[in-house]
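The values are calculated or read from the model by the stated rules, or taken from the named source; none is laboratory data. None of the values given here were measured: they were computed from a predicted structure. As a convention, Cβ positions derive from the backbone with ideal geometry for all residues, glycine included, and neighbour counts pool all protein chains shown. When the accessible area is computed, the model is the full protein with side chains, heavy atoms only, and any ligands, DNA or RNA have been set aside. Shrake-Rupley method; radii C 1.70, N 1.55, O 1.52, S 1.80 Å.
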Amino acid sequence: MRTSIATVSLSGALTEKLTAAARAGFDGVEVFENDLLASPLAPEEIRARCADLGLSIDLYQPMRDIEAVPQDEFRRNLRRAEHKFRLMERLGADTVLVCSSVSPLAVDDDALAAFHLRRLAELADGFGIRVAYEALAWGRHVSTYDHAWRIVEAADHPALGTCLDSFHILARSSDPKDVEGIADIPGEKIFFLQLADAPLMAMDVLQWSRHYRCFPGQGGFDIAGLVRQVIKAGYQGPLSLEVFNDVFRQAEAGPTAVDAQRSLLVLQESVGLTAPPAPVVPTGIAFAELVSPDVEPVSELLEALGFARTARHRGKPVDLWQQGEARVLLNTGPGARRDGTQLAAVGLESPDPAGAARRAESLLAPVLPRRRTPEDVPLDAVAAPDGTELFFCATGRPGLPDWTRDFEPVGQPAPADGGIRRIDHLALTQPWHQFDEAALFHRSVLGLGALESVDVADPYGLLRSRAVTNADGSVRIALGVGPAPSADDGDRAQHIALATDDLVAAARRFRAAGGRLLTIPANYYDDLAAKYEFEEGELETYRELGILYDRDADGAFRHCYTETIGRVFFELVQRDAGYRGYGAQNAPVRLAAQHVRRPVR
Ligand SMILES: O=C(O)c1ccc(O)c(O)c1
Ligand SMILES: [Mg+2]
């Protein structure tokens, strides 16, 4: 289907919004009146700009408080409408949106509402314009889609139809039965379809709508279920995103528009309208790649954790450090000096690396150059929204490009047994404006499942975190976001959590090797003693080593932390088989302890 986006969904001046929408592949836009009023361009110039960009103007909006008002008021409304219709002629827009009245003057009289809308439609018809009537969830007397449709039906004019807006419909009811009536509306009378998702929140619906809407798949509404009904009805117009969101208002329009377009690609796939290459779910983490100008401290840390430097890249200053199935690449190339120590790339073990890359590309993930030098094994890679490079890897599997062939053994002794078996999870703090995008990206592009997001108190703010995982938990990525826009990338911590079967032994070995573990306050252990019963001496051991503890119905989780280098630290975790979490309830204590250790600026 054609795709469209409301200019209110993107930041910047009108021309920036239009350019971003066109670049991201949208076919059209809804022009918001405020964007037009603030633009130095004449309506004809906006029309020409849209035409140059290949965009149609699918909707002009909004007109408010038109119907079911006193006669004098309605006369003034018609006068105002005529002005706007002339403007729309100059703009080349043929559909106008009318929101249901919120005016205290409006009366609860469907017949009067229908009469007024018919009069408006007659006027519009003379200009070749169609009127799409939309029920605002907080409309004074009309607040549901079926009520708006009954009025449109009664008004019975070819230039009058209804506009369905998923937010207004689903904010009022999440019962699938309540959207089934949509399929009974004649498709040609659904003049427009606006789509917005939202996180499920108990709050005033107007505030919810104006500040927290998000793109389909990023909130808790069943947008696909609603769209299926609209298609069943025979709707032929565009899928149009109308997202009022405080974050998108501030974020750069270009990436937001790509995020928006991706959400519609995923939506169209989920309702069976399109069939992009199927997701190829990763089956493990092949490696985590650190870039660092501080080779020595990072190497010392890896050594203390029990890793051995087993191989070196044939053509680049990249070392492979290994222990069990845990592999860390340490890249000291030119990028390292610029960016400080950070987790720059992740190798995802993939059953079909080329297929995974095709999927990613079809969902607008930037594809990275396939090989850096002619000798390198050709690896498929894409960039995640935060810039992390994702490599689709096959480790030692015949017939597939094996990244380890780029590495030459350096004859180090086999890894000392530090007790670490594999990478348990990666935690990547996202740029503040890309959290929802990141979750949708990892779900749709990689085929991972997303858990609920959790809020964690940080002494200086609030950290939100949402994990994406595959079914057996062999790939776990915890996406986080900090409290406020930060100019300093250094605030975006990243960590690599390493799985061990015996955390106490691993922590002791690390300390004996000169490693320093994050110190946890005694108060925390007093609280643990109150919450749980421990074996003799167990809690004292945790206190001594700085081990944190969590337990749910399915098992226990023990974890501790190294110090931070650049943006990166390590976590050691011992996870009972059934435990699916990340010790979120301990995060406030951990974050506070990390602030204590951070140099004062
Ligand atoms: O919040 C509003 O006023 C508003 C305006 C126009 C719309 O299409 C809408 O869904 C909401
Ligand atoms: Mg709307």
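For the reader, a short list of remarks on this structure follows.
- Relative contact order for the chain: 10 percent, from Cα pairs under 8 Å spaced at least 6 residues apart, divided by residue count.
- Amide H partners (placed H, <5 Å) of GLU325, local residues excluded: ARG422
- Evaluated at q = 0.07, 0.08, 0.09, 0.10 Å⁻¹, the base-10 log of the normalised Debye intensity for the chain, with identical point scatterers placed on the Cα atoms, takes the values -0.52, -0.65, -0.78, -0.91.
- Cα convex hull of the stretch 3-270 - mean projected area over all directions, nm²: 12.8 nm²
- Where Rh is the Kirkwood radius over Cα pairs, Rg/Rh for the stretch 190-283: 0.99
- Projected label distance in nm at GLU408 and THR395, using a 7 Å step from Cα toward the beta-carbon: 2.3 nm
- Sequentially through the stretch 140-152, phi angles give Karplus couplings (6.51, -1.76, 1.60; θ = phi - 60°) of 5, 10, 10, 9, 10, 5, 6, 5, 4, 5, 4, 5, 4 Hz, Gly and Pro residues having no value and appearing as x.
- Pairs of Cα atoms in the stretch 438-564 fall into 5 Å distance bins, from 0 up to the last occupied one, in shares of 2, 8, 14, 18, 18, 19, 13, 6, 2, 0 percent.
- Hull-based mean projected area of the stretch 308-463, where the convex hull spans the alpha carbons, in square nanometres: 11.5 nm²
- Of the listed residues ARG312, ARG590, the order by accessible area with a 1.4 Å probe, largest first, is ARG312, ARG590.
- LEU301 accessible area, assembled protein chains, probe 1.4 Å, Å²: 10 Å²
- Heavy-atom accessible area order for THR144, THR162, largest first, 1.4 Å probe: THR144, THR162
- Carbon + sulfur, % of accessible area of the stretch 3-270 - ligands and nucleic acids excluded, 1.4 Å: 49 percent
- Each eigenvalue of the Cα gyration tensor of the stretch 148-245, multiplied by 5 and square-rooted, gives one semi-axis; in descending order these are 23, 14, 13 Å.
- Where the Cα pairs of the stretch 537-596 fall when distances are cut into 5 Å bins, in %: 4, 17, 26, 26, 17, 8, 2, 0
- Neighbours of ASP455, meaning other residues whose beta-carbon lies under 13 angstrom from its beta-carbon, give a summed charge of 0 when Lys and Arg score +1 and Asp and Glu score -1.
- Rg in Å to one decimal, and Dmax rounded to a whole Å, for the stretch 62-132 via C-alpha atoms: 11.6, 35
- What the Cβ-Cβ distance of ASP246 and TYR532 gives, at R0 = 30 Å and to the nearest 0.05, is a FRET efficiency of 0.15.
- Amide H contacts under 5 Å for ARG130, placed H, 5+ residues apart: THR95, VAL96
- From phi via Karplus (6.51, -1.76, 1.60), per-residue ³J(HN,Hα) for the stretch 251-262 in Hz, x at Gly/Pro: 6, 4, 5, x, x, 4, 5, 5, 4, 5, 5, 4
- Net charge over other residues, Cβ less than 13 angstrom from the Cβ of ARG421 (K, R count +1; D, E count -1): -2
- Gain in span if fully extended, LEU87 to VAL367, counting 0.36 nm per residue against the direct Cα distance: 96.5 nm
- Annotation: amide H-H contacts under 5 Å for LEU368 (H modelled 1.01 Å from N, sequence separation of 5 or more, or interchain): ALA381, VAL382, ALA383.
- Summing charges over all other residues whose Cβ lies under 12 Å from the Cβ of THR310, with Lys and Arg as +1 and Asp and Glu as -1, gives +1.
- Counting only heavy atoms of the protein chains and using a 1.4 Å probe, GLU180 has close to 90 Å² of accessible surface.
- Surface composition of the stretch 379-423: carbon plus sulfur atoms hold 53% of the accessible area, using a 1.4 angstrom probe and ignoring ligands, DNA and RNA.
- For the chain, accessible area per residue (1.4 Å probe, heavy atoms of protein chains only), Å²: 42 Å²
- The 3J(HN,Hα) values that the Karplus relation (6.51, -1.76, 1.60; θ = phi - 60°) gives for the stretch 232-237 are, in residue order, 4, 5, x, 4, 10, x Hz. Gly and Pro appear as x.
- Under 29 Å between alpha carbons - lysine pairs in the chain that sit 8 or more apart or on different chains: 5
- Here LYS177 sits with roughly 140 square angstrom of accessible surface, probe radius 1.4 Å.
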